[in-house]
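To keep things clear, I will list the structure first and then write my remarks on it.
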Amino acid sequence: MYIQKKNAQLAILHDYIEHTDGGSRLCTILGRQLGADLYYGFRRAEHPFFTPSYGPGAEQALMHAVNIPLLRQCILTRTFSKRTQFIRKYPTTIFSGFYAPLAAQYLEGQQGIYYCHTPPRFVYGERDFFLSTVPAVARPLLNSFINWYAPQFKKTLPHIQTFVANSKNVQERIKKFLHRDSTIVYPPCDTEQYHNAESQGYYLSMGRLDPLKRIDVIINAFKEMPTKRLVITSSGPSEEQLKKLAADCDNIKFVGQLSEKQLQKAIAESIATIYIPKQEDFGMCAIESMAAGKPVIVAAEGGLLETVTDGETGIFTPANPQGKDIIEAVNSLSASKATCMKTACLDRATQFDTSVFVNAMKRLILER
């Protein structure tokens with residue numbers, strides 16, 4: 001039984017809401033601003049994006065949470081493929097994620113918009129990397145899943161009229177792998193929620209704890225800089241491995257998944273943030289840092305090349321940075337230098353404010 005709010009004209013379908021990631025944030029912001037009904041595979045209980053509630057539209061999970069890797073992906077694939085006929089009730093549906101677009105097969109003349117954070121990287125461009133991150137015994141299973149999922153994803157794409165990319169970087173991937181044109185609408189940052197405070201003498205890493213984010217490279221760099229402090233937020237599948245890597249390092253502290261207010265305080269009181277993921281799609285962490293007037297050390301690759309200005313709002317390391325590159329960047333970005341970048345950071349962040357995003361999406365919906 002799927003609940004449609006009275007007179008709701010828009011549905012948003014998103015894979016699942018577990019971490020405080022950019023895709024989940026984008027969908028909840030857009031849903032609230034446009035009064036959309038929000039559907040997702042599942043969400044974490046007490047999730048900060050739903051405190052105190054979602055509204056004004058309805059929100060509903062389509063399945064129970066599953067924590068077993070690969071089984072989760074299989075169930076998500078089947079759920080969005082088999083249990084989403086209800087989107088026929090809505091004049092417009094926005095899809096977000098890797099699994100939600102599978103529901104587009106049920107569109108019958110209604111408007112379908114795919115806000116693409118990236119084409120699925122485990123299928124397009126990074127298949128070998130993802131296979132390398134699982135134990136050898138599990139690789140045939142992952143490979144089988146990819147072979148099962150990929151044609152279903154490809155088959156549903158012709159049902160979607162409009163593709164939206166979250167960056168030029170992703171726009172190029174969409175064209176290369178999916179052979180579709182797209183419109184760029186950068187993700188939103190509620191810049192008014194962030195503030196600047198005096199540095200408490202630490203550098204901050206808030207990327208998800210998984211191999212693509214290269215948190216291990218940051219940790220190894222700070223192991224060589226015992227007088228420099230690193231605070232690591234967030235969670236993810238590599239959490240235990242990364243904690244073991246940082247064991248006995250008094251200058252490295254894991255603080256776990258923070259609330260929105262706690263994270264904003266952590267950013268405000270940092271010297272700068274460090275964010276060096278592999279070919280990042282867009283990079284909301286960098287925007288949030290700049291919204292607090294804090295520069296960011298980033299890898300010179302992916303969407304970060306579109307958002308951070310080297311020497312003005314942050315420091316670029318080479319692409320695929322090594323520990324020595326992080327050490328050099330940290331040593332060059334003192335607290336006093338970071339303070340001098342405050343105004344430029346604040347100015348840059350306003351270009352990604354929530355109001356800019358919402359207005360762009362409204363225009364896109366109305367123009368189609």
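The values are calculated or read from the model by the stated rules, or taken from the named source; none is laboratory data. Note that the coordinates shown come from a computational prediction; the quantities given were computed from them, not determined experimentally. Every residue, glycine among them, receives a Cβ derived from its backbone with ideal geometry; neighbour counts consider all protein chains shown. Each accessible area value is taken on the protein alone, full model and side chains, heavy atoms only, with ligands, DNA and RNA left out. Shrake-Rupley method; radii C 1.70, N 1.55, O 1.52, S 1.80 Å.
Taken about its Cα centre, the chain carries a charge dipole of roughly 1140 debye when the Cβ of each Lys and Arg holds +1 and the Cβ of each Asp and Glu holds -1. Shown here: the stretch 1-122, whose C-alpha atoms stretch 38, 34, 28 Å along the first, second and third principal axes, sorted largest to smallest.
Calculate for the chain the 222 nm mean residue ellipticity that helices alone would give, adding -39,500 (n - 2.57) per DSSP H run of length 4 or more and normalising by residue count, nearest 500 deg cm²/dmol. Kindly include the intermediate steps, with their values, before the conclusion.
Numbers: 14 runs with 130 residues, N = 368.
Helix-only estimate at 222 nm: -10000 deg cm²/dmol.
When the Gaussian network model of the chain links Cα atoms closer than 10 Å, the mean-square fluctuations of Ala65, Ala247, Ala197 top out at Ala247.
Residue-wise HN-Hα couplings along the stretch 128-141, as the Karplus relation 6.51 cos²θ - 1.76 cosθ + 1.60 with θ = phi - 60° gives them from phi, are 4, 4, 5, 5, 6, 8, 10, x, 3, 5, 8, 4, x, 5 Hz; Gly and Pro carry x. Show me the GluC sites (Glu not before Pro) within the stretch 123-221 that DSSP assigns to loop and that have at most 13 other Cβ atoms within 10 Å of their Cβ. Listed in order of number, the matching sites are Glu198.
Using the Cα gyration tensor of the stretch 8-52, with a ≥ b ≥ c the square roots of its eigenvalues, what is the shape: rounded (a/c below 1.5), prolate (a/b larger than b/c) or oblate (neither)? It comes out prolate by the Cα gyration axes. Distant-in-sequence amide contacts of Ile274, defined by a placed amide H-H separation under 5 Å and a gap of 5 or more residues or a different chain, comprise Leu204, Ser205, Met206, Ile297. Once the Cα-Cα distance is subtracted from the 0.36 nm per residue extended length, the Glu224 to Ala138 segment shows a gain of 27.5 nm. With the cut-off at 1.5 for a/c, could you classify the stretch 181-265 from its C-alpha gyration tensor as rounded, prolate or oblate? It comes out oblate by the Cα gyration axes.
Working note: Cα gyration tensor of the stretch 164-215, eigenvalues times five, square-rooted, sorted largest first, giving semi-axes of 32, 18, 7 Å. The Cβ shell under 12 Å around Val217 holds other residues with a net charge of +2, Lys and Arg each +1, Asp and Glu each -1. The calculated FRET efficiency for Cys340 paired with Glu172, based on their beta-carbon distance and R0 = 22 Å, is about 0.05. Here the Karplus relation 6.51 cos²θ - 1.76 cosθ + 1.60, evaluated at θ = phi - 60°, turns the backbone of the stretch 295-307 into coupling constants of x, 9, 8, 10, 7, 7, 7, x, x, 5, 5, 8, 10 Hz, with x for every Gly and Pro.
Of the trypsin sites (Lys or Arg not before Pro) found in the stretch 249-280, those in coil by DSSP whose Cβ has at most 16 other Cβ atoms within 10 Å are Lys278. Amide hydrogen proximity for Val164: with H placed 1.01 Å from N in the peptide plane, the residues at 5 or more positions away or on another chain lying under 5 Å are Tyr114, Tyr115, Cys116, Thr183. The slack between Arg44 and Val66, meaning 0.36 nm per residue of separation minus the straight C-alpha distance, is 6.9 nm. Neighbours of Glu239, meaning other residues whose beta-carbon lies under 12 angstrom from its beta-carbon, give a summed charge of +1 when Lys and Arg score +1 and Asp and Glu score -1.
The residues of the stretch 169-288 present an accessible area of 45 Å² per residue when probed at 1.4 Å with all protein chains retained.
Which net charge results when you count Lys and Arg as +1 and Asp and Glu as -1 among the other residues whose beta-carbon is under 13 Å from that of Asn169?
On the way: positive: Arg121, Lys168, Arg173, Lys175, Lys176, Lys278; negative: Glu172, Glu280, Asp281, Glu301, Glu306.
Here the charged neighbours net out to +1.
Applying the criteria of a DSSP loop state and at most 15 other Cβ atoms within 10 Å to the GluC sites (Glu not before Pro) of the stretch 1-96 yields Glu46.
Viscosity 1.306 mPa s, temperature 10 °C: what is the translational diffusion coefficient of the stretch 241-334 from Stokes-Einstein with a Kirkwood Rh over Cα pairs, rounded to a whole number of µm²/s? Can you show the working numbers first?
Working: Rh = 14.1 Å.
So the translational diffusion coefficient is about 113 µm²/s.
Roughly what % of Cα-Cα distances in the chain sit above 41 Å, to the whole percent? More than 41 Å apart: 11 percent of the Cα pairs in the chain. Per residue, the average separation of C-alpha pairs within less than 8 Å and at least 6 apart gives the stretch 193-258 a relative contact order of 36 percent.
The Cα atoms of the stretch 218-262 cover 30, 22, 15 Å along the three principal axes, with the biggest extent listed first.
Residues whose amide H comes within less than 5 Å of that of Leu258, counting only those at least five positions distant or on another chain, are Ser234 (H built at 1.01 Å from N in the peptide plane). Rounded to the nearest whole Hz, the Karplus-based 3J(HN,Hα) values (6.51 cos²θ - 1.76 cosθ + 1.60, θ = phi - 60°) of the stretch 219-229 follow the sequence 4, 4, 5, 6, 5, 8, 10, x, 8, 9, 9, with x at glycine and proline.
Seen from all sides and averaged, what is the projected area of the convex hull of the Cα atoms in the stretch 131-193, in nm²? The partial results should precede the final answer.
Working: hull surface 27.8 nm².
Mean shadow area of the hull around the Cα atoms is 7.0 nm².
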